Structure formats: structure tokens, C-alpha cells
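See below for the structure under consideration.
What follows is calculated from the coordinates using simple rules that are stated; it is not laboratory data. Being a predicted model, the structure only gives us computed values, none of them experimental. Positions of Cβ are generated from backbone atoms using ideal geometry, with glycine treated the same way; all protein chains shown enter the neighbour counts.
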Amino acid sequence: MSSSALQSDERLKKRVLLAAPRGFCAGVDRAIQIVEKSIQKYGAPVYVRHEIVHNRHVVNRLSGLGAVFVEELDECPDDRPVVFSAHGVPKSVPAAAQAREMNFLDATCPLVSKVHVEAEKHAAAGHHILLIGHKGHPEVVGTMGQLPEGHITLIETEDDACSYVPEDQDNLALVTQTTLSVDDTSALIEILQARFPKIVLPYKEDICYATTNRQMAVKAISEACDLLLVIGSITSSNSKRLVEVGDKAGADKAMLISSAESLDWSVIDKAETIGLSAGASAPEYLMDGVLAALRARYDIETEEVEVIKEKVIFRLPRQLMSA
């Protein structure tokens, strides 16, 4: 069977459940706007340290507008603006930019910045900080870089939580990466609380509202799905967590796809009910492309399953308000 559109009398019928909310969150939307408006205000090129968000389609579009993506500040000239990604950066990065008298704009998601502030407050109170997250992820690198080395210990797995031996178990505090699995993180927190009853927990959960809401929406549809498709990048933590959540919530099969071009028709042909979601860094046009590809091949009936409405908006930096 070819991947082109079939004649109407041969077309398979498919039920498609659309998880809502899905796609861009307020932090991602703000970060992308910061790059766009920086180019509008200052002209091209505008440099961006690290991918502004973890999605190649977004990065390629911004590159076409005049953004230059680099991994380190050393790759940026002194006389052009530089934007720090939504994942946050260690304190040493803006300090180096200030020392060079650079024009820099911080696109760190405000909910990531909240975790940074929490970590500093815990350190000031004399607590050693345990950070639940994934080693090497830019957000984790940024959070650990808010304090001198040795103030934060990374906890990645249940084994880490069970084996960690503190110098003072009565002076511990906890923060988490914002894009983790809610259920997996809860299990780690339970272990740490059981071992260290005095550990200070976040005042308000660190896993961001968008991550939580998208996981709730995927849970709401997964049990009914023969196949769950999550649109997102392989480098996107929140997108990969959605696949894991869908798998655990009862989807017969859960897959991460980057766009319509990566659809596996041999798998989709066998599924009667298909769930669709998208990570917080995946633009809506990718979802539109997947739906168009499905409509070209099958007779599909779509149903949106919304678990909560999102109304969060984050303000742009003051220097871009007039752009």
C-alpha cells in the first residue's frame, strides 16, 4: 500500500483523539518572540546561545529570519545582541556577557527562573540542595550553575534517591527540573521524604503547569488509543516524557515523531484509534501537517479531549516592549 491518498472506497476509517492542551506553552512562545523581536529591533544577525527551544523546525525558521545559533558565548561577537535560551543558563554566562559589555536578552522561562530563585534561597538558609533532573540537560546545567560547585546534588533515578548519603540529613532542600514526568518525580520525592523527613520541598511544585497539563491530557486519551503519536524533538525532555506517560497510561503503542514526514504508515494502518499530542516546543503547524497527512490517506473522525484551558502569558523583557 503506497503512502499516497487512496481511492475513497479503499480508504480505512480512523478515529483521532486530539489531546488538549498541546504544543507551545507560554514560556516557549515568549522565548521565540524574544528572538523575533530582537531581530526586528536590532537587525540581523542576532546570536542565540544554545537552541532557543528544543525543536529543529523552530530553530530553522528563526535562522532564516537572521538568528545565529551557537553553543557558547565565546562564539558571539561583542557588538551584536545575544539571547539566552528558554532553558536558562549558569550565572557565569550573563556575568561574562556583562564583563564584555554585550547587549544580552534573557529568554529563560519564568518558571525555570523560579527554580533558580528557590535554589538560591535554600542555599542562603544553609540547606544542601537535591535537584531531580536529567544530567546534561541545559535546564539542569543552568540550575546547578546558579550556585558554586558542591551546593547541589543531582538525583536522576530511584537508585540515586535510595543511595544518596548526605553530610547533614536535617538540612536538605529539594528542587526539580520543570519538564519531568509528574508520576516518576512523585515516586522519587516519596523516597526522599521517607528517608529524610525534614527535607524542604518546593513552596509550589517545580514541574511547570504546561508539562503537567500536557501529561494530564495524554493520560485522558491513552487508554483508548491503539497508537499515540507525540510531535516533538528527540532532544525535547517534555516531549519524550509525554511518550512515556502515554505508554504507562495504557496506549498500545506510543511514538515520538518530528513531523508528518516521519509517520510510519505500516504502523498507522493497523491502528483504529490514534491519539495525537505535541510537546511544549512543537509549533501547531506541525500538528496541522500530521492531520493533513492522515486526511489524505484515511477517512478520519477527530475528537478534541480538553482537560484544562491554559491562559498563562509571560511578558517580554522591557527593552523589547516597543519592538
Quarter of the Cα convex hull surface for segment 1-157, i.e. its orientation-mean projected area (nm²)
14.3
In deg cm²/dmol, rounded to 500, what helix-only [θ] at 222 nm does the chain give when every DSSP H run of at least 4 residues adds -39500 (n - 2.57) and the total is split over its residues?
-11500 deg cm²/dmol
How large are Rg and Dmax for the chain when only the alpha carbon atoms are used, in Å?
21.4, 71
Once the principal axes of the Cα atoms of segment 105-199 are found, what is the range along each, listed largest first in whole angstroms?
41, 29, 18
If I stretch the segment between Arg15 and Asn60 completely, what's the gain in nm (0.36 nm per residue apart, minus their alpha carbon distance), one decimal?
13.0 nm
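Counting each pair of different Cα atoms once, what's the Kirkwood radius of segment 271-323 in Å, rounded to one decimal?
14.5
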Going from the fewest other Cβ atoms within 10 Å to the most, one would list Arg49, Arg11 as Arg11, Arg49
What Kirkwood Rh does segment 167-323 have if only Cα atoms enter the pairwise 1/r average? Answer in Å.
17.7
Contact order relative to length for the chain, counting C-alpha pairs under 8 Å separated by 6 or more residues, stands in percent at 27
May I have the extent of the alpha carbons of segment 27-109 along their three principal axes, as whole Å values ordered from largest to smallest?
32, 24, 18
Least to most buried among His134, His122, by other C-beta atoms within 10 Å and fewest first, runs His134, His122
Only counting other Cβ atoms within 10 Å, I'd like His127, His54 sorted with the fewest neighbours first.
His127, His54
